[in-house]
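The values are calculated or read from the model by the stated rules, or taken from the named source; none is laboratory data. Everything numeric in this text was worked out from a predicted model, so none of it was measured. In this analysis, Cβ positions are derived from the backbone assuming ideal geometry, glycine residues included, and neighbour counts consider all displayed protein chains.
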Amino acid sequence: MPQDANRSYVIRGGRLLQQDQARPADLLIMDGRIKTIGAPGMPAPDHVPELDASDRLLMPGLVNGHTHAHGALGKGLVPDRSTLELFLTMVPALTSERSDEDKYLTASLAACELIRKGCTTVMDLFAEFPLPTAAGMHAVARAYDDAGMRAVVCPMMADRTLYQAMPGLTDSLPGHLKSQVAKLSASPFEASIEGAREILETWPVNTDRVRPGLAPTIPLHCSDDFLKACDALAREFQVPMQTHLAESKGQALEGIRRYGKSLTAHLDDLGLLGPHLSAAHGIWLDDDDISRLANAGTSVIHNPLSNLRLGSGLAPVRRMLDRGLNVGLGTDAANTSDTQNMFEVTRIASYLSRIQLPDVEQWLDASEVMNLATRGSARALGFGDDIGSLEEGACADIVFLRLDHIDYWPLRNAIQQVVNAESGAAVDSVMIDGRLVLDRGRMLSIDEKRLRAQVEAAVERIDAAGAAGAGTLAFAQSIRRYVGAFCVSNNCAHFHIERRADASNLDPVYRNHHQS
């Protein structure tokens, strides 16, 4: 279904979310931007249509700083008890056997869920195997464009396999499995860079709303030459770049073993840090790492749901903020977070700080996490102050929440109730770039009935194809217990910082057994 073509409105009768207040206000939207915020009944041009926002709370669209749309078709596939490394053994099976139509479909599914849950902008690190292609990445870009979303779409690339990136993992495998993983290989980085250049040079949609970026996936999974080539390409085309940094303890340990320094220090020495770079997760960072990132203007995207789901640890967000580091929030993929719900992300980000920090004044409060989920992510994605706020001159990315929903009976502290109670159930309408894409519960930009039928058909075909052959879910299952033991050993190993909640009371017998 076509999205609303109009980009100018006067929004009347709503309440504007401002800190703890829900201030009655009218908004004049002209050509996709907020021109005027005024008192109820303010004058407006006669030719501009009125939009009734009575009994609605108007808030800025949420900005998802990190996800993977290829995971949308993988919901329910990742076992509950999976670490990051266990999950990564499944990735080839989860992302193979995809046509360009499937890539459009999975991005459309992600966009539909994001919009319905109040998200208007996303950073999507999309994986294609064996190489990034212009056809595939452009299909993803068109999916977001057709949905009416803002997005930064990045080919996620590597030139090392998981087993090459973590030699200790390969060494821990029995002989028959060791010989199998030795046959696995990633594409040469030159081929990935060539594909990425073609993606950037032939970008198919208007970059005002849907832009390209680059994503060398995990520093350990990329050779130094590859990392430097990605950085040079990002700077040449002036596009943002994102990587996964210090997400697991295993990554942090391997960084020290390989480089004799932290992963962050290594990236710094390679010249990769800068405002164009954002780092997803950033859990196993020490104070020196945080200072390096802050001094370079690099952002961190906090992903509390997948950090918990995969048992990766608790990111030191307050330390980051205290050192002036820009922090945004992300959902991560729907196959590792099981949702694309940014409201849940804000709540969990706030609550996690309460079990990390004894001083209540250091907890992340509702206003702070809402700022991370809007302005913080927007800056990390390169949109600056154009999005993430409802101010005059900003883009009209607006979420309309129903105040007749029971979560707002009574309405006493608007920001606190949104962060601590909202689940997305009260999302009534969503405007992006001045266009309505969700209108009173009805998607205008996506035919949801058709989308569901396509998703069910595609998943049936993809699951059947993934049940046999090399790099399958069956292979990931066969290697699971060995990878799991490797992860436990890493989690029990000494590291100079600790980011796991159980570290202080881990049974010494259990610790000694897995270290031996």
- [ ] For the stretch 148-190, name all the residues that are touching a residue at least 60 places away in the same chain (Cβ under 8 Å), farther than 15 Å from Thr89 by Cα and charged (D, E, K, R).
- [x] Arg150, Asp159
TODO: May I ask you to list pairs of residues, at least six apart or on different chains, whose Cβ atoms are under 9 Å apart, with the first in the stretch 88-99 being closer than 21 Å to Ser312 by Cβ and the second being assigned to a helix (DSSP H, G or I) and among the basic types (Lys, Arg)?
DONE: Thr89/Arg480
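Taking the stretch 94-138 as the region of interest, how many residues are among the basic types (Lys, Arg) and assigned to a helix (DSSP H, G or I)?
Of the residues in that region, 2 qualify.
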Task: the stretch 399-425 - residue that is in contact (Cβ under 8 Å) with a residue 60 or more places away in the chain and part of a loop (DSSP other than H, G, I, E, B) and, of those, surrounded by the most Cβ atoms within 10 Å (Cβ to Cβ) - done: Glu422
TODO: Could you please give the count of residues in the stretch 226-252 that are assigned to a helix (DSSP H, G or I) and under 24 Å from the mean Cα position of the chain (by Cα)?
DONE: 15
- [ ] Take the residues in the stretch 9-29 that are at pLDDT 95 or above and of a type in the set (Gly, Ala, Ser), then tell me which one is surrounded by the fewest Cβ atoms within 10 Å (Cβ to Cβ).
- [x] Gly13
Open item on the list: One residue is enough: does the stretch 479-489 have a residue meeting the conditions among the β-branched types (Val, Ile, Thr), part of a loop (DSSP other than H, G, I, E, B), buried (at least 16 other Cβ atoms within 10 Å of the Cβ) and touching a residue at least 60 places away in the same chain (Cβ under 8 Å)?
Closed with: no
- [ ] Would you please name the residue that is surrounded by the fewest Cβ atoms within 10 Å (Cβ to Cβ), looking only at residues in the stretch 30-47 that are among the aliphatic types (A, V, I, L, M) and farther than 15 Å from Ala396 by Cα?
- [x] Ala39
Open item on the list: Quick check on my filter: what residues within the stretch 106-159 are under 13 Å from the mean Cα position of the chain (by Cα), of a type in the set (A, V, I, L, M) and within 16 Å of Glu194 (Cα to Cα)?
Closed with: Met156
Task: Residue count, the stretch 360-398 (criterion: assigned to a loop (DSSP other than H, G, I, E, B), of a type outside the set (Gly, Ala, Ser) and surrounded by 24 or more Cβ atoms within 10 Å (Cβ to Cβ)) - done: 4
